[in-house]
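In what follows, a structure is listed as structure tokens, so that the remarks can point back to it.
The values are calculated or read from the model by the stated rules, or taken from the named source; none is laboratory data. Please read these numbers as outputs of a predicted model, since none were measured by experiment. Surface accessibility is based on the protein's heavy atoms, side chains included, excluding ligands, DNA and RNA. Shrake-Rupley method; radii C 1.70, N 1.55, O 1.52, S 1.80 Å.
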Amino acid sequence: MGAGKTTVAGLLGEAWDVPVRDTDADIEASTGREISDIFVESGEEHFRDLEAAAVAAALAEHDGVLALGGGAVLRSETRELLAGVPVVFLRVGLSDAVKRVGLGVGRPLLLGNVRSRIKALLDERTPVYESVATHVVDTDGRLPLEVAADIQELLR
Ligand SMILES: Nc1ncnc2c1ncn2[C@@H]1O[C@H](COP(=O)(O)OP(=O)(O)O)[C@@H](O)[C@H]1O
Ligand SMILES: O=C(O)C1=C[C@@H](OP(=O)(O)O)[C@@H](O)[C@H](O)C1
Ligand SMILES: [Mg+2]
């Protein structure tokens with residue numbers, strides 16, 4: 001959250017002139033509900049089921065850039081599907097992530113103390129992100145366009 005996945009995916013789609021999808025947007029479009037409403041009304045596990053299905057559908061039918069939500073790779077079936085494609089981990093440190101997400105509105109897992117929630121998520125997820133990534137790009141103190149340029153260089 002706040003790494004810039006959604007933003008940078010859009011920039012890469014423009015640069016490469018390919019379609020872009022974002023699993024959060026796909027879930028909102030297919031359910032007609034906002035992500036935060038799904039979490040609050042139906043719970044995180046239901047959201048993760050929808051998310052795993054959205055990743056699988058996108059990987060099967062979409063040829064372009066795909067932005068995942070920050071928790072998508074917590075599901076083993078998603079990690080397995082990603083094994084065959086280039087996966088870029090956008091690394092962000094606590095301080096930049098906190099600045100970027102602001103009050104965390106629209107990000108249900110940040111409810112409460114945003115800083116301590118982000119720290120806990122980064123601590124528990126970083127090893128998983130590293131395990132699925134084929135490439136890692138640091139984003140701290142860098143503009144989305146600079147991050148996108150690095151990825152273009154890495155995947156050229
Ligand atoms: N490298 C960056 N530097 C500063 N702000 C950024 C950067 N990347 C994204 N942002 C901003 O941070 C917020 C979260 O970005 P977003 O693309 O939604 O991240 P994610 O999809 O990883 O949660 C947005 O307001 C976006 O404009
Ligand atoms: O980290 C997470 O578990 C989540 C990240 C969000 O996406 P972004 O990483 O694009 O903010 C969204 O999928 C949902 O709020 C859960
Ligand atoms: Mg996003």
Expected max-MSF residue from Val105, Val137, Val55 in the GNM of the chain (alpha carbon, under 10 Å) is Val105
Per residue of the chain, what 222 nm ellipticity follows from adding -39500 (n - 2.57) for every DSSP H run with n ≥ 4, rounded to the nearest 500?
-> -18000 deg cm²/dmol
In whole percent, how big is the carbon plus sulfur part of the accessible area of the chain, probe 1.4 Å, protein atoms only?
-> 53 percent
Along the stretch 25-41, Karplus-curve 3J(HN,Hα) (6.51, -1.76, 1.60; θ = phi - 60°) to the nearest Hz, with x for Gly and Pro, reads 5, 4, 5, 5, 5, 6, 9, x, 10, 7, 3, 5, 5, 4, 4, 6, 8
Work out, in µm²/s and without decimals, the Stokes-Einstein translational diffusion coefficient of the stretch 104-156 at 37 °C, 0.692 mPa s, Rh from Kirkwood over C-alpha pairs.
-> 249 µm²/s
Integer Hz, Karplus 6.51/-1.76/1.60 couplings in order for the stretch 136-145, x for Gly and Pro = 10, 10, 7, 10, 4, x, 10, 6, x, 5
Expressed in nm², what is the orientationally averaged projection area of the convex hull enclosing the Cα positions of the stretch 5-140?
-> 8.1 nm²
Percent relative contact order for the chain, counting Cα pairs under 8 Å at least six residues apart, stands at 31 percent
Would you tell me the accessible area of Arg107, worked out with a 1.4 angstrom probe on the heavy atoms of the protein chains, in Å² to the nearest 10?
-> 90 Å²
For Gly69, other-chain or 5+-apart residues with amide H closer than 5 Å (H placed, Pro excluded) are Thr23, Asp24
At a probe radius of 1.4 Å, what is the per-residue accessible area of His46, in Å² to the nearest 10?
-> 70 Å²
Given 0.36 nm per residue, what is the gain on full extension from Thr134 to Leu154 after removing their alpha carbon distance, in nm?
-> 6.2 nm
Using the alpha-carbon centroid of each, what span in Å lies between the stretch 88-156 and the stretch 65-85?
-> 15 Å
